[in-house]
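Here the structure comes first, spelled out in structure tokens, and everything after it is commentary.
The values are calculated or read from the model by the stated rules, or taken from the named source; none is laboratory data. Since we're looking at a predicted model, the values are computed, not measured. Note that each Cβ is placed from the backbone with ideal geometry, even for glycine, and that neighbours are counted across all protein chains shown. With ligands, DNA and RNA removed, areas are computed over all heavy atoms of the protein, side chains included. Shrake-Rupley method; radii C 1.70, N 1.55, O 1.52, S 1.80 Å.
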Amino acid sequence: MNPKRSKSKDGGKMPMVHPNAAAIDVGATMHMAAVRADRAPEPVHSFGTFTADLHRLVDWFTECGVETVVMESTSVYWIPIFELLDARGFTVFLVNARDAKHVPGRKTDVSDAQWLQRLHSFGLLRASFQPKGQIAELRAYVRQRERLLEYAASHIQHMQKALTEMNLQLHHVVADITGATGLRIIRAILAGERDPEALACLRHYSCHSSAETIAKALTGSYRAEHLFALEQALALYDTYHEKASACDARIEAVLKELSNHRGRGHGPAPPASLRRNRTDQANALAFDVREALFALLGKDITTIDGLGPYLSLKLIAECGDDLSSWPSAKHFTSWLGLAPSNKVSGGKRLSSRTRRSGGRAAALLRLAAVTVGRTNTALGAFYRRLSSRIGKAKAVTATARKIAVLFYNAVRYGMDYVDPGASSYETRYRTRVVNNLHRRAKAFGFVLQPLEPNVGEAVS
């Protein structure tokens, strides 16, 4: 066997990026930890997942001189050990299991931990973005609120089912049974009211259906078992919304603490354009999100088309309030999975498809792109032009990428965005196309001339 070849194969010549590295193969009931072979007589140890076991694992890392630890993001089992290691001063790399599979090794608990440790020692694993401090706290509250609203939504279906079983066609005459009119009527029914005319008088003035139509829809059979199901569904719906309101208080408090920490707690008042009359939107937060974000960022990022206050809050919770983890907007859009890939071999581009991403931030930006596609804005015109040419799916991705770039520049560099309008975008696009045609015609030895209107046609 050629000794030089053997030495190159085991990575002897590769520079070691993290000499004091360790790895953990995370599990539900057991964590397998590995350090360098020269740091302990038994470089691989198994530890339980109880708190005392986690402290023993961290103490063992300290005895072995470990400074940085890598682990895969396995379900939610990584969170307790990650937070403990971070609190004890270790640099923790949380890596995507997909990235580790790109450099495969042997697949057992022991060898997997050793393989992760070796890959991390040579800097072959990239750490996933993980917010720190109060941003992580904000993200937890926002995600908890989203889950509570999802749970509440399932009970809306239960209420609708109970009403249908009583042949009360409320959902056919109101747009939302949990709106002002719908909830008034449901609460009155559960309070004992059975007169359709009296129930119809509870309609909100903005309801499109007339009182007569609502009265006809509320003539049914009020059986005890169906009323019982309706009562329980409404009680659970109210309970989840009460818990969501508790999340609102926590979110508002964290935003204030972040603003004070950034030195903006007593900054300039928001412009008058921010003090709009709040509309009673479904699932709206209990405080003015736009003003809270302005106090935190010093900019109104909701001026970017497609980014409403709540969506902007969720983006800040997912990505942070400075975005310094990404050197440029290109890095940011690549992390989101919205930038085209660059798969090139032999000087030939094999593919430029965007990679699949299950990230919440990318999903939020795609939602903003769909919303902005229906507006008379420059971004809306861009979406419609691409949609007619390459399809809606790719147009959503491209528009989401543009919104992501605007969001990055606004949050990190304080850029003020002003929508130029759809007509301005169409004019600039037409000018760009005409200039390209002139350049191509000149390359072939031709000169483009504008088409003169026919005099006879003009007279007629």
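Here is how the numbers come out for the structure above:
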| read-out | value |
| --- | --- |
| Amide hydrogen neighbours beyond the local backbone of residue 69, cut-off 5 Å, H modeled | 22, 91, 92, 93 |
| The range 147-210 - Kirkwood radius from inverse mean 1/r over Cα pairs (Å) | 12.3 Å |
| Rg and Dmax [Cα atoms of the range 119-247; Å; Rg one decimal, Dmax integer] | 21.5, 76 |
| Rg/Rh (Cα only; Kirkwood hydrodynamic radius) as it applies to the range 22-177 | 1.23 |
| For the chain, the longest site-free run once GluC sites (Glu not before Pro) in DSSP loop states with at most 16 other Cβ atoms within 10 Å are removed | 194-460 |
| Hull-based mean projected area of the range 325-460, where the convex hull spans the alpha carbons, in square nanometres | 13.3 nm² |
| Heavy-atom accessible surface of the chain: percent carbon and sulfur, 1.4 Å | 53 percent |
| Hull volume in cubic angstrom per residue (convex hull over the Cα atoms of the range 187-254) | 107 Å³ |
| Positive dipole terminus of the chain, leading residue within 316, 399, 260 (C-beta point charges) | 399 |
| Cross-link table 132/299; 256/392; 348/392; 161/243; 299/343; 299/330, entries beyond 32 Å C-alpha to C-alpha | 256/392; 299/343 |
| Per residue Cα convex hull volume in Å³ - calculated over the chain | 269 Å³ |
| Under the Karplus curve 6.51 cos²θ - 1.76 cosθ + 1.60, θ = phi - 60°, whole-Hz ³J(HN,Hα) for the range 303-308, x wherever Gly or Pro sits | 5, 6, 4, x, 9, x |
| J(HN,Hα) series, the range 419-432, from Karplus relation 6.51 cos²θ - 1.76 cosθ + 1.60, nearest Hz, glycine and proline x | 5, x, x, 5, 5, 5, 5, 4, 5, 5, 5, 5, 4, 5 |
| Phi to ³J(HN,Hα) by Karplus 6.51 cos²θ - 1.76 cosθ + 1.60 over the range 81-91, Hz, x for Gly, Pro | 6, 4, 5, 5, 5, 5, 5, 8, x, 7, 8 |
| Pairwise centroid distance, computed over Cα atoms, of the range 312-373 with the range 180-221, Å | 47 Å |
